[in-house]
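Reading through the structure tokens given below for one structure.
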Amino acid sequence: MSDAVTPFTKAADLALAARHEIISMTSTAKASHVASALSVVDILSVLYTGAANISPANMGADDRDIVILSKGHSASALYSVLALQGFFPKDWLTHYCTNDAPLGGHVTSKGVPGVELSTGSLGHGLPYGLGIAMSRKKSGAKGRVFVVMSDGECDEGTTWESAMIANHHELDNLVVIIDRNKIQ
């Protein structure tokens, strides 16, 4: 773990701390998508305090769960939760959305521990998660794939195509969570 962080064990505590970080990060960076980040932080906090089998210590494990934040414009929420749980140093948050910093305005996986997929274009997270879930099911690998989507992504064709494929292949290892914040 980075900087000997003691991870939060209660989702409500993590969500409160992450909200503070989101407001600080976006205010300093003069960034947008604050409401979208605040609406998803409870979901991410539940996943990263034990609902999903994922931590900095098990990132290399074949049986760990995978979490994909498809609504990439909510990057500040994911980054704050990951930093507070010790995936990378918390001081990275102070450079959010600045030139040459690892944490961009949309979720990026390049050089950011704990981030599975660069996202931002709505509708791409579920097809990607579907592929991972299908691969795991076919190979017998354990672990679930969680895809957290926005309600707006439900308007995308790739979302419904992926949902139909998941049903057809009975992918019980794929968990889709829709952040229905009614903002779309």
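Data overview
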{"read-out": "Gyration tensor (Cα) of the chain, equivalent ellipsoid semi-axes in angstrom", "value": "26, 19, 14"}
{"read-out": "Paired Rg and Dmax values of segment 50-144, which use every Cα atom, in angstrom", "value": "13.7, 42"}
{"read-out": "Solvent-accessible area per residue, Å², over segment 37-125 with all protein chains present [probe radius 1.4 Å]", "value": "36 Å²"}
{"read-out": "Trypsin sites (Lys or Arg not before Pro) lying in DSSP loop within segment 1-97, provided at most 10 other Cβ fall within 10 Å", "value": "30"}
{"read-out": "Whole-percent carbon and sulfur share, accessible surface of the chain, 1.4 Å", "value": "54 percent"}
{"read-out": "Whole-Hz ³J(HN,Hα) from phi, Karplus 6.51 cos²θ - 1.76 cosθ + 1.60, for segment 116-121, glycine and proline x", "value": "8, 8, 6, 9, x, 7"}
{"read-out": "Value of relative contact order over the chain, rounded to a whole percent, pairs C-alpha under 8 Å and six or more apart", "value": "23 percent"}
{"read-out": "Spin-label proximity, residue 30 to segment 105-130 - amide N less than 18 Å from point 7 Å beyond Cα toward beta carbon", "value": "105-106"}
{"read-out": "Dimensionless Rg over Rh [segment 4-48; C-alpha; Kirkwood]", "value": "1.01"}
{"read-out": "Alpha carbon Rg of segment 74-125, scaled by the compact-globule rule 2.2 N^0.38 Å", "value": "1.05"}
{"read-out": "Listed residues 168, 121, 105: farthest to the positive end of the dipole of segment 71-184 (Cβ charges)", "value": "168"}
{"read-out": "Part-to-part distance (alpha-carbon centres) for segment 57-75 and segment 142-184, which is given in Å", "value": "15 Å"}
{"read-out": "Calculated SAXS-style log₁₀ I(q)/I(0) at q = 0.14, 0.21, 0.24 Å⁻¹ - segment 85-184, Debye, Cα scatterers", "value": "-0.64, -1.10, -1.22"}
{"read-out": "Built amide H within the under 5 Å cut-off of residue 146, gap 5+", "value": "66, 67, 68, 175"}
{"read-out": "Cα convex hull of segment 9-106, projected area averaged across orientations, nm²", "value": "5.9 nm²"}
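The values are calculated or read from the model by the stated rules, or taken from the named source; none is laboratory data. Bear in mind the structure is a predicted one, so any value in this text is a computation, not a measurement. Glycine also receives a Cβ, built like all others from the backbone with ideal geometry; neighbour counts cover every protein chain displayed. Heavy atoms of the whole protein, side chains included, go into the accessibility calculation; ligands, DNA and RNA do not. Shrake-Rupley method; radii C 1.70, N 1.55, O 1.52, S 1.80 Å.
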